[in-house]
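A.B. asks: So that we are looking at the same thing, I have put the structure below in structure tokens.
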Amino acid sequence: MTANSTSRFERAIIAIDAANAKDPNTVLHEGRDFPKELLYAMRMTEWLKRFRPGASEAIQLAARSQHIRRWEIPRSDYPMDRIGYLKWRTTLKHFHAEIAEKILVDAGYDTALIDCVQSLIRKEQLKQDEEAQALEDVICLVFLENYFADFLEKHPEEKVVEIVRKTWKKMSLAAQETALRLELSPAARVRIEKALQSSD
């Protein structure tokens, strides 16, 4: 396939995946090692298709770019407290948005769509913009289905329950209902039930 026969969307996805494929951190998935952030990006796309069929090009690109090259700014570079965590997350959002912009410019996208993708990545309109909320829902669903079990094994129950409570508040009603139908471990389901009880 030549560059001329490849759509700008395909070029962008190829470039995003190529960037994430450089992640030195790998995870075992279906019997093979995957670069961690490449697998995360693929899971974001899969969940977006499941949760929001027919999603716009902008949200598809934002979902695929959500953690692009995240390993380059490790959590350990910031103080291990709440303020340090928030600074890290803010830095990441702008970092991911900037990388996405460069890729989308090279792929041939116009400023309006690039601005939209960047806004989605930076989570600027949560609870106000329908697509921003849909992206947040997908982020939460990917976490609960694929990363929550590992997370709860590494942290005390009180912290896990608090994280679930905060995650739940970010989600739309449709995403919450979807989350309750996920096939989770008994331990994960217990933590979710405790979080929901404590938020009443």
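A.B. asks: Mind telling me which of the residues 78, 85, 40 ends up being touching a Phe, Trp or Tyr at 6+ places or on another chain (Cβ under 9 Å), in contact (Cβ under 8 Å) with a residue 60 or more places away in the chain and among the hydroxyl-bearing types (Ser, Thr, Tyr)?
C.D. replies: After ruling out the rest, the residue left standing is 40.
A.B. asks: With the checklist (1) closer than 19 Å to residue 60 by Cα; (2) touching a Phe, Trp or Tyr at 6+ places or on another chain (Cβ under 7 Å) in hand, flag the one item residue 112 doesn't pass.
C.D. replies: Just one mismatch for residue 112, condition (2).
A.B. asks: Scan segment 119-128 residue by residue and report those that are touching a residue at least 40 places away in the same chain (Cβ under 8 Å) and part of a helix (DSSP H, G or I).
C.D. replies: 120, 121
A.B. asks: So, one more: Within the bounds of segment 61-68, is there any residue that is among the hydrophobic types (A, V, I, L, M, F, W, C), at pLDDT below 95 and either surrounded by 19 or more Cβ atoms within 10 Å (Cβ to Cβ) or outside the structural domain of residue 174 (by TED's automatic domain parsing) (or both)?
C.D. replies: Taking every residue of segment 61-68 in turn, none turns out to be among the hydrophobic types (A, V, I, L, M, F, W, C), at pLDDT below 95 and either surrounded by 19 or more Cβ atoms within 10 Å (Cβ to Cβ) or outside the structural domain of residue 174 (by TED's automatic domain parsing) (or both).
A.B. asks: Counting only residues that are among the basic types (Lys, Arg) and in a loop (DSSP other than H, G, I, E, B), how many does segment 38-70 have?
C.D. replies: Selection size over segment 38-70: 2.
A.B. asks: Within segment 71-95, restricting attention to residues that are in a loop (DSSP other than H, G, I, E, B) and either among the charged types (D, E, K, R) or under 20 Å from the mean Cα position of the chain (by Cα) (or both), which residue is farthest from residue 20 (Cα to Cα)?
C.D. replies: 81
A.B. asks: Among the residues of segment 63-70, is any of a type in the set (Gly, Ala, Ser), closer than 16 Å to residue 14 by Cα and in contact with a Leu (Cβ under 6 Å, 6 or more places away or on another chain)?
C.D. replies: yes
A.B. asks: Shifting gears a bit: Please state which one of 145, 131, 98 is without any contact (Cβ under 8 Å) to a residue 24 or more places away in the chain and either in a helix (DSSP H, G or I) or surrounded by fewer than 17 Cβ atoms within 10 Å (Cβ to Cβ) (or both).
C.D. replies: On inspection, the qualifying residue turns out to be 98.
A.B. asks: Among the residues of segment 8-32, write down those that are at pLDDT below 95 and either charged (D, E, K, R) or assigned to a loop (DSSP other than H, G, I, E, B) (or both).
C.D. replies: Within segment 8-32, 30, 31, 32 qualify.
Matching residues to (1) under 20 Å from residue 134 (Cβ atoms); (2) not aliphatic (A, V, I, L, M):
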residue: 48; (1), (2): yes, no
residue: 63; (1), (2): yes, no
residue: 74; (1), (2): no, yes
residue: 80; (1), (2): no, no
residue: 88; (1), (2): no, yes
residue: 95; (1), (2): no, yes
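The values are calculated or read from the model by the stated rules, or taken from the named source; none is laboratory data. These figures come from a predicted structure and were not determined experimentally. Here Cβ is always computed from backbone atoms with ideal geometry, including for glycine, and neighbour counts include all displayed protein chains.
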